[in-house]
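Report on one structure; see the data block that follows.
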Amino acid sequence: MGFEVTCSSVTGHVYTVARSHDLLAGDSGWTSLATGIAATPPINTYVDTNVVAGVPCFYRILLE
């Protein structure tokens, strides 16, 4: 159980999934949840199993 994050992916690329609870905190407000995620085209999926109900959060996908 958790929150599923999906994004398009490209063969040969590697990604990082990051989460923040505060977009105003800038780059320091982001926590990497997973790094070194190999592309699985056409879509990559990551499940955040540490989501707290009722606490808003934001996700970003970074190309490594």
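Any read-out appearing in this document is the output of simple, stated calculations on the displayed coordinates, not a laboratory observation. All values reported here derive from a predicted model rather than from experimental measurement. Cβ atoms come from the backbone with ideal geometry, glycine included; neighbour counts cover every protein chain shown.
Summed over the range 15-36, residues that are closer than 11 Å to F58 by Cα and in a strand (DSSP E or B) total 5.
Pairs linking a residue in the range 53-64 that is within 15 Å of A34 (Cβ to Cβ) to a residue that is loosely packed, with under 13 Cβ neighbours inside 10 Å and of a type in the set (S, T, Y), with Cβ atoms under 8 Å and 6 or more positions apart or on different chains, are E64/T35. Only one entry of T40, T11, T49, T31 meets the criterion of being touching a Gly at 6+ places or on another chain (Cβ under 8 Å) and over 13 Å from E64 (Cβ atoms), and that entry is T49.
Filter the range 37-50 for residues that are under 12 Å from the mean Cα position of the chain (by Cα) and among the aliphatic types (A, V, I, L, M); which is nearest to L63 (Cα to Cα)? Of everything passing the filter in the range 37-50, I37 is nearest to L63 (Cα to Cα). Could you run through the range 37-64 and say how many residues are in a strand (DSSP E or B) and within 14 Å of T11 (Cα to Cα)? Summing the residues that are in a strand (DSSP E or B) and within 14 Å of T11 (Cα to Cα) in the range 37-64 gives 5.
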